1. Taking only the alpha-carbon positions of segment 344-479 and ignoring solvent, what does the Debye formula give for the base-10 log of I(q)/I(0) at q = 0.12, 0.22 Å⁻¹?
2. For segment 58-109, take N as its residue count and report Rg(C-alpha) divided by 2.2 N^0.38 Å.
3. For the chain, with the dipole built from +1 on Lys and Arg beta-carbon atoms and -1 on Asp and Glu ones, taken about the Cα centre, which of I19, N274, S235 lies farthest toward the positive end?
4. Given +1 on the Cβ of Lys and Arg, -1 on the Cβ of Asp and Glu, and no further charges, what dipole in debye does segment 44-143 carry about its Cα centre, rounded to the nearest 20?
5. What size of dipole, in debye to the nearest 20, comes out for the chain about its Cα centre when the only charges are +1 on Lys and Arg C-beta atoms and -1 on Asp and Glu C-beta atoms?
6. Defining a contact as two alpha carbons under 8 Å apart and six or more residues distant in sequence, what relative contact order in percent does the chain show?
7. For a footprinting-style exposure proxy, rank R200, R379 by other Cβ within 10 Å, fewest first.
8. Measure off 7 Å from each Cα along the Cα-to-Cβ vector at K227 and D362, then give the distance between these two points in nanometres to one decimal.
Amino acid sequence: MSEKRVLVIGIDGATFKVIDPLIKDGCLPNIAQIMSKGVKGILNSTLPTVSPVAWTSFMTGKNPDKHQIFDFSSKIEGTYKFKMNSAKDRKATPFWMNLSENNRRVLVIGVTMTYPPDPVNGYMVSGLGAPPDVSIESCTHPSEFAKEIVNMFGEYRTVPKADLRKLSISDSEKRKYIRGIFDQIDYRVNLFKYMWQKERFDLSMVFFLDTDGISHYFWKYMDSSHKKYQKGIFSNAIYKVYEKIDCAIGELLTIIDDDTDVVIVSDHGFGCLNRVIFLNNWLESNGYLMFKDDSLSSMVFSRIKSLIKRRNPRLQKEIDWQKTKAFFSGTVGNIYINLKGRDPQGIVPSEKYDNLCDEISDNLLNLVDPETEERIVDRVYKKRELFPDEFIGRAPDLILSFRQGFSVVGEEIRLHHLSDKGEIIVDSNNWSGTHEPEGVFMACGKDIKKGETVQDANIIDVAPTLLYLLGSTIPESYDGQVLKYIFRTDFLKKNPISYIKDDDESHIDSEVYNEDENEKLRKQLRDLGYID
């Protein structure tokens, strides 16, 4: 068995758009060191380009059709309801379980979509996806590890407490959010260092989430090309978070040995967000969707129900399913056809399905911003274009990718800062940055080439590459491939790639979140800006 160890550092939303200028200015010495000693390049993300999908593809080596995670939430079969996804909803095995089954020791801290934690041969602490205020015992494996964490480091949180949706948010609240990010980074580094020095792990992974959040909310302070560019006290906010993570990486590099390879991965990149589209309003305006009349009595009744359930009361249009052909739901451009025989009040016959998808696609591709006359939608994918029929499962019928500067209003429910008055395209307010498909990949170690540029790499390639690096067999069911060209020739000759047949279709759905936890998680994602 190989004595090699691998340290994986996940940086959510990291992009060379930020990294390269900072390195040029000498501000990220530790990341620069890793790049100069090894390989670096673009890591292409998933479609849809959103964290729960991409990180699940990272950990399983499979495209979304096989692991069946297409957003933070998924449509419940035979209904129009959506439930929050958890690790129990993925239909594929993460690579750290393959290692665990081969008696390799594993440490995984804070990765998105790892709640509830996997029963690894070692330790796991869940990341984003764990309901706020849930017991820490339910976030850790083994559960008794929770007391050790709290005793050593205090309360564990997956994200800083924040609600940045309000336009009225003060500078002091913004500073508090940034301090919370720094505290999160310190917490995870200290926990990782403690565990690393406690025992030997073959695979270790530590995860930094908040490069994503800071980029969503503070991009307009950094990017002078942004429509609402605001030069001022927060112009360096994103840079400071990257620099803080670089310092954290420096701390990690001081404790690892020469037999430890280092891999840095992001799930997607980032870029400017100027304008957003209300997709359901667009569908309504083109005759594909019908809202019920919003009578005063029904709106008041909706508010009363929300208050009774202790939820934030929000006025929400209700869809008339018997007159609706297609609808949008989620945080990215996922459109569902109201298909007869599949959906409870479906009205689109199967023989008209393809023509309707083509018609909606053509109309979306011709949609332009009335302010600039720019096209908004880059591509519209039918699910069969992306996924084989046998793996379609819960996939949305149409998946949109947007041109730079555009995105959707997540779930299209009334926001404090963005009221829906029937508009189709409006300025984005609090969110000024959005996901782009080009993430980052870096790696260095004794068996990895120096100065090689990573090309045509996909996030699904990371899992097989890590298994190969650790001398483990690779499941044949993986969609990803080993990035062979990053390795030294002598290492490749001594270590032929070995595959193993695997049956990875035995996973079943199970309810993880109760109603209260489901709503708390939704609120957390709302506060972070991902949904309604």
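1. Log10 of I(q)/I(0), two decimals: -0.79, -1.41.
2. Cα Rg divided by the expected 2.2 N^0.38 Å: 1.38.
3. Sorting the options by dipole projection puts first S235.
4. Charge dipole of segment 44-143: 220 debye, to the nearest 20.
5. Using only the charged Cβ atoms, the result is roughly 980 debye.
6. On the way: 1089 pairs, mean separation 144.5, N = 532.
Contact order relative to length: 27 percent.
7. The order, fewest Cβ neighbours first, is R200, R379.
8. It is 2.9 nm.
We did not get these values from a lab; they are worked out from the coordinates using the rules stated. Keep in mind it's a predicted model, so treat the numbers as computed, not measured. Because the Cβ atoms are built from the backbone with ideal geometry, glycine has one as well, and the counts that use them run over all protein chains shown.
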